[in-house]
Amino acid sequence: TPSGGPVGSAIVGLFCDDPPSRSLFHRLGFDEVWHFYGGDPIRLVLLHPDGGSGEVILGSDVLAGQRVQYPIPAGTWQAGELVPGGEWALYGCTMAPGFTAACFEGGTVTELLGAGYPGREDDIRRLGVPDDHETTMSAGFAG
């Protein structure tokens, strides 16, 4: 790309209940597509720039409203976790332009609670980046 970053990127990830894993709130400078590959459903929590929020369940049961893939617009705070009772899920994320450390920003609990997302306080407390943790990635992480 003109910025020197990758044209595209793809990752494969695994959420599991033991040890517990999840994706804490973060936003990206480019659109990202989540893909569900197998296992138990994943819950994505979305906090939109306009102050609205929502959630999407990724999974294989499309007749029950689960999605096998879902695009998340740039600038949307996003977090992901297994649905309650789930044991594992295999997923992927793709981006074009590709992921670089410079396009990533973590969302702290205090910042997101202060941004006023009604009804999402429990999600923010559980899935927000702890206030004493780094909210950026080192340049050597990606790209």
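The values are calculated or read from the model by the stated rules, or taken from the named source; none is laboratory data. A quick note: this is a predicted structure, and the numbers were derived from the prediction, not measured. Every residue, glycine as well, gets a Cβ built from its backbone with ideal geometry; the counts of neighbours run over all protein chains shown. SASA here: full protein model, heavy atoms, side chains in, ligands and nucleic acids out. Shrake-Rupley method; radii C 1.70, N 1.55, O 1.52, S 1.80 Å.
Couple of notes before you dig in:
- The apolar share of the surface of the chain, taken as the fraction of accessible area on carbon and sulfur atoms (1.4 Å probe, ligands and nucleic acids excluded), comes to 56 percent.
- Computed on the Cα trace of the chain, the radius of gyration divided by the Kirkwood hydrodynamic radius gives Rg/Rh = 0.95.
- Under-5 Å amide H pairs with Thr76, H placed in peptide plane, nonlocal only: Leu28
- Dimensionless Rg ratio for the stretch 61-115, taking C-alpha atoms and the 2.2 N^0.38 Å reference: 1.43
- Accessible surface, the chain, averaged per residue in Å² (probe 1.4 Å): 53 Å²
- Of the GluC sites (Glu not before Pro) found in the stretch 16-95, those that fall in a DSSP loop while having at most 15 other beta-carbon atoms within 10 Å are Glu87.
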